[in-house]
């Protein structure tokens, strides 16, 4: 008796299993029409544009870079989420992410209403149909955004904006002022001369960090012919990987969690490496002797866009957040805390340091064009070469695993 | 009886074996390298990459090496502790020791791993303790990872060995002594062979837990990466679920082989 029952059950379980496998194998609800042709070539999936604003839903879930949606929990005096909640009636749930890949992955779940996407995430979100086009007429503050940030390759497709520009800035070189002397002025401190601080160098744990090495090679090894650190053919990628592998011997650890980097600098396990201004701010706030500088080679950087999810459960609160976070007051607060140029330059009148916007070149379109903003590398070379195939993000991910070994 | 068995059997069939099947099926799909979306086209590319690209072999062997090392370290540490608990300590002390062994399991994994991160850091507790001997903290890296994993999984080794030794009749020790066996001989020729299945049972835990770990190595592993990190980076960061699934089948296959080998020792009766 017992055996037969078990047999029957096993058979039933097996049938379930088969159904499951068949279900997985045949489901083709995936209707994206995108191909891997990237920026110029892809047609975004048809996601409707919101026509008007309705009643706020009472809550909004925000996916943001660390430091973009502070509610006073990191530092009591740093809080622009609470005023938003009071003003809009939308309770904000904030989740921070550490890399653009993580942001793309999390937006894919459809659980978040808005996201602060960098250029290496925004196009992927548009192409995958996870981000909706944004009706800029519904946003009061959109008119004040710097015009050189609008309708750019990383935030729009065919003149349709897919978000609101938030701010931009450069990745910096942070060092421990007690240990690193003289002060570094070049990225060579973490590449060719990394051995000086062997075992104490840190780097950003994401395939996009390959662009930092490519930028260094672009300035120091002109014979490689790198024009754009995001457009690398196979030989150029191999050169960048070689450089990173040599760096790897001197790296203490890679960081993607910004608090882990703060901790590594405060214990002295890391003394030099790439960083964001906000990390330097937090570390200095904890009395860690660090400085962050923009090296002579220039830098990679970010130009971020607030985007709204295609399946956003709270679109009205999402629009309310996008409008609020690009208002002069909120922009001034975020920009000063995070250390980036605000997209809404009316914020410049409200910063506590009157010269803040000058220091970050907020209104200087020429300067903004010199930063190599994070962009998703694709097969079609972004520098305009058509005689070679460039390496895409999949290749970079693979290469990054090999760098770490 | 059948009614009682049905829910757990369904659970086992659908949630557990179903998940494994889904994992395997996913590993046979492709991915759009730009948007990161899964393309449901059958392909063996993921497995081809896994076997043909050298770095994954290196990572696999490194992971196996660390898992084996952790298991050996734990077995060596656990045996004397378990022997003392089972055969020497008074019943009262024995209870206290069992609680002491179980106690670390009550604390969060992350708390323990971060505590080790603090201790292993530059100028941390370990560096301070080692300084008088002219040594230094191993720093973050594979040595630190092995140390932390060995610490984390030690209770899983002690308990099966303790259970195995407790079942060993005291009369065997006396018989060995009567026949002229000294303590070392008794241990080597009587205790070890009889307790071997228990050690193997413990090793199933320490080995499989180490094989799948990716958190400890992220916290104390420096630049090192294990199979778990490759899965995590591909699933969590690069969003390449099919490849992550292909990598995740490696520990499954290794564990199946290991369990098949273990079954021959009869150690599974001891679990």
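The values are calculated or read from the model by the stated rules, or taken from the named source; none is laboratory data. In this text the structure is predicted, and so the values were computed from the model without any measurement. Because the Cβ atoms are built from the backbone with ideal geometry, glycine has one as well, and the counts that use them run over all protein chains shown.
Tell me which of these residue B:188 doesn't satisfy, since it passes every other one: (1) surrounded by fewer than 16 Cβ atoms within 10 Å (Cβ to Cβ); (2) part of a helix (DSSP H, G or I); (3) in contact with a helix residue (DSSP H, G or I) (Cβ under 9 Å, 6 or more places away or on another chain).
It is condition (3) that residue B:188 fails.
List every residue pair whose Cβ atoms sit under 8 Å apart, with the two residues 6 or more apart in sequence or on different chains, where the first one lies in segment A:98-123 and is on the phi > 0 side of the Ramachandran plot and not assigned by TED's automatic domain parsing to the domain that holds residue A:258 and the second, anywhere, is outside any helix (DSSP H, G or I) and at pLDDT 85 or above.
A:110/A:130; A:110/A:309; A:110/A:310; A:110/A:311
Restricting to segment A:145-194, count the residues that are surrounded by fewer than 18 Cβ atoms within 10 Å (Cβ to Cβ) and either in contact with a strand residue (DSSP E or B) (Cβ under 9 Å, 6 or more places away or on another chain) or more than 22 Å from residue A:242 (Cα to Cα) (or both).
17
Please tell me if residue B:6 is more than 12 Å from chain A (Cβ to nearest Cβ) and either closer than 15 Å to residue B:156 by Cα or touching a helix residue (DSSP H, G or I) at 6+ places or on another chain (Cβ under 8 Å) (or both).
Against the criterion (more than 12 Å from chain A (Cβ to nearest Cβ) and either closer than 15 Å to residue B:156 by Cα or touching a helix residue (DSSP H, G or I) at 6+ places or on another chain (Cβ under 8 Å) (or both)), residue B:6 does not qualify.
Might you let me know whether segment A:131-138 holds any residue that is within 14 Å of chain B (Cβ to nearest Cβ), in a loop (DSSP other than H, G, I, E, B) and in contact (Cβ under 8 Å) with a residue 60 or more places away in the chain?
Checking segment A:131-138: not a single residue is within 14 Å of chain B (Cβ to nearest Cβ), in a loop (DSSP other than H, G, I, E, B) and in contact (Cβ under 8 Å) with a residue 60 or more places away in the chain.
Determine whether segment A:232-252 contains at least one residue that is crowded, with 22+ Cβ neighbours inside 10 Å and in a loop (DSSP other than H, G, I, E, B).
yes
Among A:153, A:211, which is under 27 Å from residue A:376 (Cβ atoms) and assigned to a helix (DSSP H, G or I)?
A:211
With (1) closer than 18 Å to residue A:314 by Cα; (2) assigned to a helix (DSSP H, G or I) as the list, and residue A:94 as the residue in question, which single condition is left unmet?
(2)
Of all the residues that make up segment A:98-115, how many are closer than 27 Å to residue A:398 by Cβ and surrounded by 24 or more Cβ atoms within 10 Å (Cβ to Cβ)?
7
Any residue that is assigned to a helix (DSSP H, G or I), over 18 Å from the mean Cα position of the chain (by Cα) and either away from chain B (no Cβ under 14 Å) or surrounded by fewer than 19 Cβ atoms within 10 Å (Cβ to Cβ) (or both) - is there at least one of those in segment A:333-343?
Checking segment A:333-343: at least one residue is assigned to a helix (DSSP H, G or I), over 18 Å from the mean Cα position of the chain (by Cα) and either away from chain B (no Cβ under 14 Å) or surrounded by fewer than 19 Cβ atoms within 10 Å (Cβ to Cβ) (or both).
Having 3 or more residues that are within 26 Å of the chain's Cα centre (by Cα) and away from every other protein chain (no Cβ under 14 Å) is the bar; report the helices (runs of 4 or more DSSP H) wholly within segment B:24-137 that clear it.
Qualifying helices (runs of 4 or more DSSP H): B:54-83, B:91-102, B:109-120.
If only one of A:61, A:88, A:100, A:52 is more than 8 Å from every other protein chain (Cβ to nearest Cβ), within 25 Å of residue B:26 (Cβ to Cβ) and modelled with pLDDT of 85 or more, which one is it?
Answer to the check: A:100.
Going by the conditions given, is residue B:151 within 14 Å of chain A (Cβ to nearest Cβ) and closer than 30 Å to residue A:405 by Cβ?
Spelling it out, it is not the case that residue B:151 is within 14 Å of chain A (Cβ to nearest Cβ) and closer than 30 Å to residue A:405 by Cβ.
Quick one: is residue B:242 in contact (Cβ under 8 Å) with a residue 24 or more places away in the chain, within 14 Å of another protein chain (Cβ to nearest Cβ) and in a helix (DSSP H, G or I)?
Here the answer is yes, as residue B:242 does meet what is asked.
Return the total of residues in segment A:344-365 being surrounded by fewer than 23 Cβ atoms within 10 Å (Cβ to Cβ) and not in a helix (DSSP H, G or I).
So the answer is 9.
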